[in-house]
Amino acid sequence: MLNFNEILSYFPRRIANEINKKIQEKNTDELNLLEEIRIRVSKPIILKYTNVEKVIDTLQVTPEEILEILQHICNNSIYSYQAQICNGYITLKGGHRVGITGNVVMNDNKISNITYISSLNFRIAKQIIGASNRILKYVLNIEENTIYNTLIISPPGVRKNNYA
């Protein structure tokens, strides 16, 4: 089950209050459909649900707030998260991921840093019970009691369980 307060704890109070207010305006089942929270500098916040996006246009995020959120995500030690930042995302407790965009610094054809971070995209992890039922026969080798090497892919924005 999604611990939404845990996710809200990464945001400055003013942003967390607005997101919480927008969520509370609806019923709590809506929270279970929340997939992403998009935070962009000088833009409204977007809440992406399974089939719809809702815009919180009552506030716009400042560069300082983006940095504050990143500090919270990194437990006030951005340097120690540098490798994850260079991969373009940070994994949070519970399997949630925060995608990071900004200016990329390259050294020897590798990303060495991301500066001037302009947006953070919180991707909410969810357990979907039974999502793998239809493909288990292709993944499990019952005769040898092993698992076949398997990679499940789909286009961006398409949930993997749509194919299961």
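The values are calculated or read from the model by the stated rules, or taken from the named source; none is laboratory data. In this text the structure is predicted, and so the values were computed from the model without any measurement. Cβ sites come from the backbone with ideal geometry, for glycine too, and all protein chains shown count toward neighbours.
Summary table below
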| item | result |
| --- | --- |
| Meets criteria (loosely packed, with under 14 Cβ neighbours inside 10 Å, under 19 Å from I45 (Cα atoms) and in contact with a Gly (Cβ under 7 Å, 6 or more places away or on another chain)) for Y89 | no |
| Segments classed as helices (runs of 4 or more DSSP H), wholly inside region 1-99, with at least 1 members that are without any contact (Cβ under 8 Å) to a residue 60 or more places away in the chain and of a type in the set (D, E, K, R) | 13-24, 29-33, 63-73 |
| Top-ranked residue in region 117-150 [being hydroxyl-bearing (S, T, Y), exposed (fewer than 11 other Cβ atoms within 10 Å of the Cβ) and touching a helix residue (DSSP H, G or I) at 6+ places or on another chain (Cβ under 9 Å); ranked as modelled with the highest pLDDT] | Y148 |
| Checking V41 against (1) farther than 17 Å from I19 by Cα; (2) out of contact with any Phe, Trp or Tyr (no Cβ under 8 Å at 6 or more places or on another chain), the condition it does not meet | (1) |
| Filter result for S112 (farther than 18 Å from R38 by Cα, assigned to a strand (DSSP E or B) and not acidic (D, E)) | yes |
